[in-house]
Structure formats: C-alpha cells, structure tokens
C-alpha cells in the first residue's frame, strides 16, 4: 500500500472514530433523560404555627407571573394550590380579608435551555480536519482543503445529531409569601434602603402593626427530558410547586 494512501485511510478511521464517540455520548445522555426529571429546591423552610393552623381553615390564593415566559399558566397553578389545600380540609375564599391564610406566589423567572451535540461535533470535526492536513503532509492547498472539509463535516454531523436528540430543560424561580392571621397584632418595622449615586444610601423606616405573620421563601424548579414537551413540562413543574406549597399546611 502506498504511504500517502495509508495516511489517508488513517485519517478516515480517526474521523469515523471521533464522530462515533460524539454520537455515542449524546445517545447515552439522551437515553438517560428519556423520562422527565422534575427537581425542586426551597430556599428557606417555612414552619407554620400548628396551634394557629388548627384554627385557621380558610385560605386565599393569588398567583402572578412577572417572568419573560408569559406562557406559564398562573390560573392552573392557582387552581392546583387550591385543590391541594381543599383536599386537606381548607376552604378557599375569594375575599382575602376573610382568610386565615393568604398565599401569594409569583413566577419570577422561567426560561428554556437546550443541550445538544452541535458545538461538540463542530469542535471535534475541526480537530479531525486539522489532523488530516498534518498527517497527509501534501501541498499547502491540500492541507487547507482537508481541514475545511473535516471541520464542515464534523460540524454538520454534530448539528444533525443535536437536532434529533436534544436534552431540554425548563428552569424557573417562584417567590412565595404566606400571611398567617394571628389573634394579637404583629408589630414590625419596614426598612427601605434607597441608593443615590455610587456612594450615598438613604434609609427609611416605618413602624407597622398587622394581624398577619409573614413568611417568605423561593422555590427553584427544573424539568428536564430528551425532546421535552413544553406543555407537559409546564404542568409537571406547576404540580410539583403546588405540592410543595400545599405540604407546608
């Protein structure tokens, strides 16, 4: 076998091997995420007073969405929270002044992420192309041409694989505030820090007296799956958030 031909075959074997590794890695990752994985994490634990909770059996629920993803169904989340509490014996009311508990939730952030083999395929294709030019050791024009072809083929192969098998994730943060009605007034202070310029801060304070004890927390959530269905992901996240809030009662 002629030496140049042997080098060409060596490059082709190297190329096939590296593309196969990319495909196998992406395939394994896709299989591992074939079932939807929903994860939640609460920033702070809320402990409601069990004595007060035994007396306060009415609840008001309100959900807002200030995130960029306005497709999130706040009405669905509100209904899911209400149904969880109804199942525990609470009465959902439409007038917050008549409620023993006021639950407010706000979808602060929600976005979509996609993990594909596109970038990895392009990088490895470029490496194969560069290696082919060095191995063959022919003219400068031949080396450049083989390098470009290797980069293009690797990039296209990775891109096609990434489009076919993409591990997608919906991730978001929900602010939760719970107000618990008390028999005695709760005395507190509101402190506001207003920044003026780069070195001046004005602090204002206001004494308050309320019949509600306030608790706040954040819930971070993710839903991840290969070729995820957007509607299924949204419902899965909202159901888990509703379960998390309902579990506080």
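The numbers here are math on the coordinates, done by the rules we state, and not lab data. Just so it is clear, the model here is predicted, and its values are computed rather than measured. In this analysis, Cβ positions are derived from the backbone assuming ideal geometry, glycine residues included, and neighbour counts consider all displayed protein chains.
Taking the number of other C-beta atoms within 10 Å as the exposure measure, put 109, 90 in order starting with the fewest.
Arranged by neighbour count, lowest to highest, 109, 90 become 109, 90.
May I ask you to sort 69, 248 by Cβ crowding, counting other Cβ atoms within 10 Å and putting the fewest first?
Placing the least packed residue first, the sequence is 69, 248.
Within a 10 angstrom radius of the beta carbon, how do 217, 226 rank from fewest other beta carbons to most? Numbers along the way, then the final one.
Numbers: 217 17, 226 20.
Listing 217, 226 from fewest to most nearby Cβ atoms yields 217, 226.
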